[in-house]
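Values in this text are rule-based calculations from the coordinates and carry no lab data. Not measured: the values here are computed from a predicted model. Cβ coordinates were reconstructed from backbone atoms using ideal geometry, including for glycine residues, and neighbour counts include every protein chain displayed.
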Amino acid sequence: MCFIHYQNGIRIINKLSIYNRYHKLIFERNNFEPNCRNMVWEGKSNQQLLDTDAYVYAIEATCYYGRSVTKTGTVILIR
């Protein structure tokens, strides 16, 4: 499952980071196109399924017209 929805104008995701509630980095991917299926977070860290919880994401992206965009938020993992 990929929660990066293709937005008008997003050319590339420069960085996607997922953190647990203790601010520990548990997932990171760099330089991929929106909705690239092999770059998704599957609710795992070190090949281990994570528990149901709230996780923080940070996305740095570049638009087609060159503008940089940064978004942060929370995603709820439900098993």
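Per the Cα gyration tensor, the chain maps to an equivalent ellipsoid with semi-axes of 23, 13, 11 Å, ordered largest to smallest. Taking amide H as placed 1.01 Å from N in the peptide plane, Ile10 has its amide H under 5 Å from the amide H of Tyr64, each at least 5 places away in sequence or on another chain. Using Cβ point charges alone (K and R +1, D and E -1), the dipole size of the chain about the Cα centre works out to roughly 100 debye. In the chain, Cα pairs under 8 Å separated by at least six residues give a relative contact order of 33 percent.
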